[in-house]
Amino acid sequence: MVPLSYYLLLSGFLFACGVTGFLIKRNIITIFMSIELMLNGVNLSFVAFAAHWHALAGQVFVFFVMVVAAAEATVGLAIIIAVYRTRETLNVDQVNLLKL
Amino acid sequence: MNPTLNLWLIPILPLAGAAINGLLGKKSSRRAVTIVALFFSGAAFAMALWVALRFSSLSLPYQEFLAHWIRSGSFSADFAFYLDQLSLVMLLVVTGVGFLIHIYSVGYMWDDPSYYRFFAYLNLFMFFMLTLVLANNYLVMFIGWEGVGLASYLLIGFWFTKDSAASAGKKAFIVNRIGDFGFLIALFLLIKHFGSLNFEQVFHRVAPLSPETASAGLLTAVGILLMVGAAGKSAQIPLYIWLPDAMEGPTPVSALIHAATMVTAGVYMVSRSHVIFERAPTALTVVAIIGTLTAFFAATIGIAQTDIKKVLAYSTISQLGYMFMACGVGAFSAGIFHLMTHAFFKGLLFLGAGSVIHACGGEQDMRKMGGLRLYAPWTFLTMTIATLAIAGVPPLAGFFSKDEILWKAFSSEHGSWVFWLIGVITAFITSFYMFRLWFLTFLGDYRGLKVAEHSAAHDGHGWPHESPMVMIVPLAILAVLSFVGGWVGIGNHFDRFLAPVFEAGAAATTSAEAAGESAGHMELYLTLISVAAAFLGFYLAYVLYHRKPELPQKIADSLGGFYRTVVHKYYVDELYAALFIKPLIDGSTRILWQDVDRKIIDAAVNDAGDGARYVSDEVRHMQSGNLRSYAGWIAAGAAVVIAYMIWSGLGQ
């Protein structure tokens, strides 16, 4: 049996990757993928705890997170496409019309 | 059981007149304004007469409750009215003289563009004055007290486009505030120590106290503070300076407010509070000294004035001094008696002066008058009666009341021959300056310019002219009253009428008036002396201003500096300006305005604004609009929170 701490380390690593990617990348798609990475890092810790404590609540939460992530991906990708059509760029630093 | 008199109607009637004229008068005709003003003031007078007729059937004091006002714990002050002999006298004087002056004003103010405003104010004054005299507690009295001050301010500054009138109004108002300050503190003391402001309750609680002869205490403090209030309203030293300036108002106003009624409110208030004063001999002495000094000094200033209204103004101050002298020696009924006769003859003098001014086309300088007996015979006749009355010539009104005061000043247990002596000297000076006015105005030859264009409208020949009938009739009525008004004092009738008021709750003292033969002789001798003083004053004025008109100037020149001092009213105004006004203005300008306001208050506000802008300017850079920097902040914040939680978890 793999110890709980392994899962948590992996989960933390995934989340840290997501945060780092979110902070340093400029391509909006990459940022988007980083967000998914963070979500799944969290998901991993949820299921790990659920298995460890033999409690189903963690797994139920994961389903919710996945549903939200799917919905988010739909809306997010639609926005990205719309942005690309109008601006012809995916660089977030150039999408700054609302900035003063 | 008393019948219902509906006393409240008496003050409310003039208020209704003031409201109608004040709100609608601008659009209505002069005739309508006149009818409204005369009807409502006349109705108040009729009502007062009706009350007087039913007076003997009342059980006194008659009280009438109108409405609750303040109820707080055990303290209460209501809108309620109080009628006894004292308020009845005041009621009749105020409504009677007030009504006559209303009639007179119709003639005097007819050509004024703000005719309606004048009568609205005049009626408003009547309302407040009647509230003052009918109040059954100090607080309602205070409403009237402040209200007459307001009306006085409005009427002094009636011709407000004239700078001097506007500032005279302000002066009157501000000087009165100083007095009101004392009055208010006296009221607070009464609330604190007697828990009430109701006359009956306060006097009931004060009555058992013994006189503060040995040491001054609470009652002395209350008495002196009340006197401060009275000194403001009644123009006594040191607060008399506003009254001469108040002559900027129209002459009927000077007659009504600044001679006959409002300025006597202080005398009324002191008399009303006699229960307190009788137990505070020190306060009484203060009142007597202030009254006597004021009577004397104002009279001396009156000698050197050349403006006819200013002479009368100082004369009013001086006569008010007599009234306070009477109150101060415990002869309250003598004070009220003089108040009444003074209302008649001084009202008449002012109205007569108004008629003179009218006759001379607005001229107020007596040096430019003279010989008016030929041009204005009715004015001459009535003014002569008033002059004789104020000079104290028997058997006119002023003789009886002044003589009563002088006798009481001499014989009363609180009195002293010093008061009497100064009083007699003042009577002599009074007689002198009044006959000076009389000679300068009515006798000799006319010295003024022909009042050409003014008279052209009237009779066209350019000489002074008699006033219209509407002004003569009130003069005549007041002249009759000035003649016979003192006769109620014969055989001490007036004294006995007021006795229930002033003996109720009087301090138990051994009466010094062992009315024996010697006292009777003494009174006769003193009367003869004061009459002699009056005639001496007349004779001196006759010599100086009729026989040898060049003499006064010589005397004035030989007196030099002293004469100049008197002409400048002892430089009191200048002294006050240097002592109080200049430091106040300087202090306000330099300290309050330039230091406190600019450097502290303004600076605090400005610095707060500047500081906020500076801080925001620095902080706004955090909000870059860059998405990833926000995310960075969030991550950093989360890291801090997690670090803190781990750290605190490790600590356990």
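Read-outs: derived from the displayed coordinates by stated rules, not from any lab. The shown structure was predicted, so the numbers you read here are calculated from the model rather than taken from an experiment. Methodologically, a virtual Cβ is constructed for each residue, glycine included, from the backbone with ideal geometry; neighbour enumeration extends over all protein chains shown.
Here the spin labels are modelled as points 7 Å beyond Cα on the Cα-Cβ line, and at B:Ala556 and A:Val95 they lie 10.0 nm apart. When the inverse distances between all different Cα atoms of the range B:13-56 are averaged and flipped, the Kirkwood radius reads 11.1 angstrom. Placing unit charges on the Cβ atoms only, positive for Lys and Arg and negative for Asp and Glu, gives the range B:79-227 a dipole magnitude near 260 debye about its Cα centre. Does the range B:66-125 come out rounded, prolate or oblate by the C-alpha gyration tensor, with a ≥ b ≥ c the root eigenvalues, rounded set by a/c under 1.5 and, if not, prolate when a/b is larger than b/c and oblate if not? Oblate shape, in that a/c is at least 1.5 and b/c is the bigger or equal ratio. Computed over the Cα atoms of chain B, the ratio of the radius of gyration to the Kirkwood radius (Rg/Rh) comes to 1.13.
Past the 44 angstrom mark, what percentage of all C-alpha to C-alpha distances in the protein assembly as shown do you count? Value for the protein assembly as shown (Cα pairs over 44 Å): 42 percent. Dividing the mean sequence gap of close Cα pairs (under 8 Å, 6+ apart) by how many residues the range B:1-126 holds gives a relative contact order of 40 percent. Protection proxy ranking for B:383-392, A:32-41, using the average of other Cβ atoms within 10 Å per residue and placing the highest first: B:383-392, A:32-41.
In percent, rounded to a whole number, the relative contact order of the range B:223-306 is 37, using alpha-carbon pairs under 8 Å and six or more apart.
Across the alpha-carbon atoms of the range B:226-372, the computed radius of gyration and Dmax are 15.4, 53 angstrom.
Net length available on complete extension from B:Gln201 to B:Tyr446 is 82.2 nm, with 0.36 nm assigned per residue and the Cα-Cα distance removed.
Taking a 24 Å limit on the Cα-Cα distance, which of the listed pairs B:Lys171/B:Lys310; B:Lys170/B:Lys402; B:Lys346/B:Lys554; B:Lys192/B:Lys408; B:Lys27/B:Lys309 fall beyond it? Over 24 Å apart, Cα to Cα: B:Lys170/B:Lys402; B:Lys346/B:Lys554; B:Lys192/B:Lys408; B:Lys27/B:Lys309.
The C-alpha atoms of the range B:55-164 occupy a region whose extents along the principal axes are 51, 36, 20 Å, arranged from largest to smallest.
Relative to the 2.2 N^0.38 Å rule of thumb, chain A has a C-alpha radius of gyration ratio of 1.32. Here the dipole of the range B:218-351 is about 160 debye; that uses its Cα centre as origin and unit charges on the Cβ of Lys and Arg (positive) and Asp and Glu (negative).
Taking the square roots of 5 times each eigenvalue of the Cα gyration tensor of the range B:350-450, largest first, gives ellipsoid semi-axes of 33, 13, 10 Å. Using the Cβ-Cβ distance between B:Ser210 and B:Ala577 with R0 set to 45 Å, the FRET efficiency from 1/(1 + (r/R0)^6) comes to roughly 0.50.
Across the options B:Val488, B:Gly444, B:Trp69, the greatest Cα extent toward the positive end of the charge dipole of the protein assembly as shown (unit charges at beta carbon of Lys, Arg, Asp, Glu) belongs to B:Gly444. At an R0 of 25 angstrom, the distance between the Cβ atoms of B:Leu592 and B:Ile185 translates into a FRET efficiency of 0.55.
Measure off 7 Å from each Cα along the Cα-to-Cβ vector at B:Asp111 and B:Ala635, then give the distance between these two points in nanometres to one decimal. Computed distance between label sites B:Asp111 and B:Ala635 equals 9.6 nm.
Based on a Kirkwood Rh over C-alpha pairs, give the Stokes-Einstein translational diffusion coefficient of the range B:210-298 at 10 °C and viscosity 1.306 mPa s in µm²/s. Translational D for this selection: 116 µm²/s. The helix-only estimate of mean residue ellipticity at 222 nm for the protein assembly as shown, built from DSSP H runs of length n ≥ 4 each weighted as -39500 (n - 2.57), is -23000 deg cm²/dmol after division by the residue total.
Look at the alpha carbon pairs under 8 Å that are at least 6 residues apart: their mean separation over the length of chain B gives a relative contact order of 12 percent.
Between the range A:21-52 and the range A:73-87, the C-alpha centres lie 20 angstrom from each other.
So what is log10(I(q)/I(0)) for the range B:155-308 at q = 0.10 1/Å, when the Debye sum runs over its Cα atoms only? Each listed q maps to, in turn, -0.41.
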